[in-house]
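Readers should treat all values here as calculations from the given coordinates under stated rules, not as data from a laboratory. Just so it is clear, the model here is predicted, and its values are computed rather than measured. Neighbour counts are summed over all protein chains in view; Cβ atoms, including those assigned to glycine, are modelled from backbone coordinates with ideal geometry.
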């Protein structure tokens, strides 16, 4: 992954189409590294969550090209590379596993980020009746030691339809249900990085399953 970190560092300082075209070979090498990492992570993670085994790495890796149509930031390329793995390779709005590679800013995450209203409502309805199961997942020692708390992305007040004194009030306020862990550049270039990522993500499997089961029930 050394080539990827080097390329992304140079790209951050030269985020222009002319520079990118002149350094296309470096990008192609970086892309190949990311696709290979994705493939390796899938193989390792499938030992814990078999539902990811059929994911095609080239389809899971995000494009580096930015959509600038509605953004004030007109730089044409992302300064990072990453991939998104969902159980069964489902492209719908469900929970999954994310890997983000960026010099000094790499991390892995599990869960669902900013779900659409139907999926968010489904999760909240599950919490309305079954919040103790999620608490057991979040409070498990290995989970807390690996991930810490859910990402702090919450409403200031209770969502509509729920009482202020609801026993799951703290959980119902979340707009995203995501945990993440940073990775150092030293870890990224390690020969064991795919195994490290997969083992970390495996501890997030119960959270992913809880969310996806809630969403699946709402669609039945």
> Can you give the FRET efficiency for residue 63 and residue 160, using 1/(1 + (r/R0)^6), R0 = 45 Å, r = Cβ-Cβ distance, to the nearest 0.05?
Replying inline: 0.80
> Helix 2-13 versus the longest principal axis of the chain: what angle, 0 to 90°, nearest 10, using Cα atoms?
Replying inline: 90
>> If you fit an axis through the alpha-carbon atoms of helix 24-45 and take the longest principal axis of the Cα set of the chain, what angle between them do you get, 0 to 90°, nearest 10?
In response: 40
> Between residue 92 and residue 29, what FRET efficiency comes out of the Förster formula 1/(1 + (r/R0)^6) with R0 = 41 Å and r the beta carbon distance, rounded to 0.05?
Replying inline: 0.80
>> For the chain, take the longest principal axis of its alpha carbons; what is the angle in degrees between that and the long axis of helix 117-139, to the nearest 10 within 0 to 90?
In response: 80
> Using the alpha-carbon centroid of each, what span in Å lies between region 41-85 and region 120-199?
Replying inline: 21
